[in-house]
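Each remark here refers to the structure printed beneath this line.
The values are calculated or read from the model by the stated rules, or taken from the named source; none is laboratory data. Because the structure is a prediction, the values reported are computed rather than measured. Cβ coordinates were reconstructed from backbone atoms using ideal geometry, including for glycine residues, and neighbour counts include every protein chain displayed.
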Amino acid sequence: MMNLLWLIPILPLAGFLILALHGEHLSRRLVAWVGCGSVGMSACITALVGVEFFHGLPDRASYQQTMWNWIDTSEMTVGLSWHLDALSFLMVAVITGIGFLIHLYSTEYLSDDDGYARFFAYMNLFVSAMLTLVLADNLLLLYLGWEGVGLCSYLLIGFWYHKPEYGTAAQKAFIVTRIGDTAFAVGLFIIFTQLKTLSIQQVQTLAVEAWPVGSNIAMIVAVLLLIGAVGKSAQLPLQVWLPDAMAGPTPVSALIHAATMVTAGVYLIARMHDLFALAPLVQGIVAVVGLLTLLLAASSALVQHDIKRVLAYSTMSQIGYMFLALGVGAWSAALFHFLTHSCFKALLFLAAGSVIHSLHHEQDIFRMGGLRRQLPWTFWTFLIGAAAMSGVPLITAGFYSKDWILWSVWSSPLSQQWMWVGALLGAFLTGLYSFRLIFRVFFGEVRTAAHGEPGLAMRVPLVVLAGLSLSVGFLEIPHTLGGLSLFGPYLSQVLPTMEVRPGMDDSSEAFEQIAVTCSALLGIGLAAFFFLPRVSVVDRLVGTAVGRFFVPFWQGGWGFDRLYERAFIQPWFALTRDAGEFLDRGYGVLVTGAEFCHVRLSRTQTGHIRWYAATIAVGTLMLLGLFAL
């Protein structure tokens with residue numbers, strides 16, 4: 001079955017081509033079969049490949065398939081090659097599995113949209129590009145998928161292009177992520193110049209042999225790759241595009257901006273882990289960036305009014321946890337949180353879409369309330385997703401992945417105690433903003449009546465994702481709670497195992513788990529105190545001088561948009577406006593000169609042949625005279 005690996009990215013690409021070329025001539029039912037079926041077939045092939053892949057472990061830890069040579073010169077050979085190992089299979093399973101559920105959900109959610117075929121064409125192209133990114137054997141092919149998901153992100157955020165603000169949001173995402181992409185491209189140029197290869201495996205092997213730990217070249221390349229990862233994963237300081245990206249349809253938010261694309265930066269750092277190990281200072285910056293982002297985003301999520309913007313900031317915060325884990329060397333813990341996050345965040349976005357769909361596209365949580373009786377399926381699945389994101393102990397997947405990260409931050413020799421305190425504060429804020437959302441939307445008085453639960457195509461993905469949000473955490477249970485380690489040994493074939501600082505024992509881990517549990521439960525308890533029966537308490541707090549300062553500040557994402565507007569956008573527009581006026585004057589001079597020459601030279605066109613013959617003769621004599629001299 002391994003020889004079918006190439007079909008995994010090709011099938012969604014084929015679906016895109018069919019829908020792009022013939023979608024407007026197909027019925028909606030056939031469009032749904034092509035769009036959803038191509039990703040479903042890719043998921044089935046992933047399962048078949050996975051059976052053979054797991055059967056071959058640990059003797060055969062990776063598999064490579066080359067379709068043909070893409071570029072073949074005397075200095076560089078780049079193949080259209082796929083590389084499957086434990087890391088890439090994890091990513092492929094998430095992309096195809098959750099991608100299929102989101103496509104199935106979309107068949108009903110967008111059933112009345114005029115751009116039905118165009119939507120599925122874009123979604124299929126995105127899935128194909130993301131699969132290319134994670135299966136690529138070389139950095140150039142990876143970069144092709146990297147740029148492909150950026151293009152699809154632009155197309156899908158601005159899907160409803162008739163609304164100018166949606167087009168602006170798409171442009172913002174495209175431009176901001178281009179900053180990171182440019183840095184990534186420069187890093188690839190340096191890698192090829194220094195190592196004469198773009199093969200991911202060879203690059204890491206040769207870099208370890210050629211570059212000492214802490215060398216300048218290793219630091220420069222790691223920084224450039226980090227900038228690329230920061231842009232794609234919406235981390236500080238390039239995080240400003242993600243909240244506005246919620247302009248796209250809700251399934252887009254679930255697929256691209258929660259479960260897959262925004263985790264591309266996490267994948268890049270994990271895939272190039274040997275190179276980051278050569279630059280310990282940069283690896284430490286990865287941890288700091290993750291910690292700052294998770295706290296900034298969590299505080300901003302506390303004060304948002306739009307249900308999707310709350311989830312957007314929560315995505316930034318949870319990816320911050322992944323960056324924090326990568327920065328302290330807990331590679332497997334970061335990828336485990338990626339797995340659990342992809343389940344509960346896709347669930348939350350799809351459940352939010354169910355709410356929005358039932359309320360005639362209302363997204364303001366202050367116009368919602370009392371929906372738990374009108375939308376019971378949506379309520380219970382949303383509650384499971386919020387509990388998993390908050391880390392409700394023992395029964396949710398988010399608890400086990402977040403506990404693993406915080407234990408790694410507590411015990412890693414690359415970490416500091418203040419990082420653990422910051423991560424613990426983030427866990428508290430997560431519980432607070434998650435259940436603020438629950439109590440605002442599903443409890444209290446009914447402000448907007450819902451027109452009923454969604455149909456089967458939307459309900460099935462919610463139930464499946466809710467089950468995954470409760471169960472996938474049991475792949476890695478700490479030994480203090482019984483001990484079941486499946487995920488860590490699986491990824492240890494690709495990623496190094498984190499060393500534990502001396503003196504860390506079972507009592508230390510138990511203390512850390514108690515602290516994480518209390519932090520999450522305290523956040524949930526405060527949410528119940530503030531938002532369940534006593535909304536007036538919150539109103540009084542917001543009305544204070546401190547509240548009037550912090551609430552707008554946090555709602556605006558800590559002022560980054562305003563800062564960038566004043567520091568970069570306005571000066572750029574002023575510069576281009578002045579330069580445009582100067583260029584317009586220059587073009588005016590050219591036009592005037594051309595008109596003058598035209599008027600003067602046109603007088604030589606008299607229509608008398610004798611004058612033309614005389615001119616030719618004189619010119620010929622002048623040329624002969626020049627040659628003679």
(message) Tell me whether the range 300-314 contains one or more residues that are of a type in the set (S, T, N, Q) and surrounded by fewer than 22 Cβ atoms within 10 Å (Cβ to Cβ).
(response) no
(message) For Val252, only one of the following conditions fails: (1) over 30 Å from Ile190 (Cβ atoms); (2) assigned to a loop (DSSP other than H, G, I, E, B); (3) not aromatic (Phe, Trp, Tyr). What is its number?
(response) (2)
(message) So Gly586 passes all but one of these: (1) outside the structural domain of Ile365 (by TED's automatic domain parsing); (2) touching a residue at least 24 places away in the same chain (Cβ under 8 Å). Which condition number does it fail?
(response) (2)
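For every residue, the table says whether it meets (1) within 29 Å of Trp241 (Cβ to Cβ); (2) touching a Lys or Arg at 6+ places or on another chain (Cβ under 7 Å).
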| position | (1), (2) |
| --- | --- |
| Gly556 | yes, yes |
| Phe568 | yes, no |
| Trp572 | yes, no |
| Tyr587 | no, no |
| Phe596 | no, no |
| Ile609 | no, no |
(request) Determine which member of the set Pro533, Pro502, Pro552, Pro489 is assigned by TED's automatic domain parsing to the domain that holds Val392, modelled with pLDDT of 90 or more and not hydrophobic (A, V, I, L, M, F, W, C). (result) Pro489
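Could you tell me whether the range 324-336 includes any residue that is assigned by TED's automatic domain parsing to the domain that holds Gly525, surrounded by fewer than 23 Cβ atoms within 10 Å (Cβ to Cβ), out of contact with any Pro (no Cβ under 6 Å at 6 or more places or on another chain) and at pLDDT below 95?
Scanning the range 324-336 turns up no residue that is assigned by TED's automatic domain parsing to the domain that holds Gly525, surrounded by fewer than 23 Cβ atoms within 10 Å (Cβ to Cβ), out of contact with any Pro (no Cβ under 6 Å at 6 or more places or on another chain) and at pLDDT below 95.
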(request) Kindly indicate the residue of the range 105-164 that is out of contact with any helix residue (DSSP H, G or I) (no Cβ under 6 Å at 6 or more places or on another chain) and among the small types (Gly, Ala, Ser) and also farthest from Phe184 (Cα to Cα) among those meeting that condition. (result) Ser111
(message) One residue is enough: does the range 147-164 have a residue meeting the conditions in a helix (DSSP H, G or I), under 18 Å from Ala312 (Cα atoms), in contact (Cβ under 8 Å) with a residue 12 or more places away in the chain and acidic (Asp, Glu)?
(response) no
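One residue is enough: does the range 447-454 have a residue meeting the conditions over 30 Å from Trp410 (Cα atoms), part of a loop (DSSP other than H, G, I, E, B) and of a type in the set (Ser, Thr, Tyr)? Full working, then the answer.
Going residue by residue through the range 447-454, those that are over 30 Å from Trp410 (Cα atoms) are 447-454.
So of that shortlist, the ones also part of a loop (DSSP other than H, G, I, E, B) come out as 447-454.
Applying the additional criterion that residues be of a type in the set (Ser, Thr, Tyr) yields 448.
Yes.
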(message) I'm trying to understand the selection: among the residues of the range 135-146, which are in a helix (DSSP H, G or I), closer than 18 Å to Gly180 by Cβ and of a type outside the set (Phe, Trp, Tyr)?
(response) Leu139, Leu140, Leu142, Leu144, Gly145
(message) in contact with a His (Cβ under 9 Å, 6 or more places away or on another chain), within 30 Å of Glu509 (Cβ to Cβ) and of a type outside the set (Gly, Ala, Ser): is that true of Trp404 in this structure?
(response) yes
(message) I'd like to verify a number: residues in the range 460-492 that are more than 20 Å from Phe399 (Cα to Cα) and surrounded by fewer than 18 Cβ atoms within 10 Å (Cβ to Cβ), how many?
(response) 2
(request) Taking the residues in the range 2-44 that are hydroxyl-bearing (Ser, Thr, Tyr) and either part of a loop (DSSP other than H, G, I, E, B) or more than 17 Å from Met91 (Cα to Cα) (or both) as candidates, determine which candidate is modelled with the highest pLDDT. (result) Ser38
(message) I need the full set of residues from the range 606-629 which are modelled with pLDDT of 80 or more and of a type in the set (S, T, N, Q), in order please.
(response) Thr615, Thr620
(request) Only residues that are farther than 27 Å from Ala270 by Cα and either surrounded by 15 or more Cβ atoms within 10 Å (Cβ to Cβ) or touching a residue at least 40 places away in the same chain (Cβ under 8 Å) (or both): list them for the range 493-507, please. (result) none
(request) Filter the range 169-190 for residues that are in contact (Cβ under 8 Å) with a residue 12 or more places away in the chain and not aliphatic (A, V, I, L, M) and give the result. (result) Gln171, Lys172, Phe174, Thr177, Arg178, Gly180, Asp181, Phe184, Gly187
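This table checks each residue for (1) over 17 Å from Phe126 (Cα atoms); (2) among the polar types (S, T, N, Q); (3) surrounded by fewer than 15 Cβ atoms within 10 Å (Cβ to Cβ); (4) in contact with a helix residue (DSSP H, G or I) (Cβ under 9 Å, 6 or more places away or on another chain).
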position: Ser27; (1), (2), (3), (4): yes, yes, yes, no
position: Gly37; (1), (2), (3), (4): no, no, no, yes
position: His55; (1), (2), (3), (4): yes, no, yes, no
position: Ser62; (1), (2), (3), (4): yes, yes, no, yes
position: Thr73; (1), (2), (3), (4): yes, yes, yes, no
(message) Out of the helices (runs of 4 or more DSSP H) lying entirely within the range 485-545, which hold 2 or more residues that are more than 28 Å from the chain's Cα centre (by Cα)?
(response) 506-531, 535-543
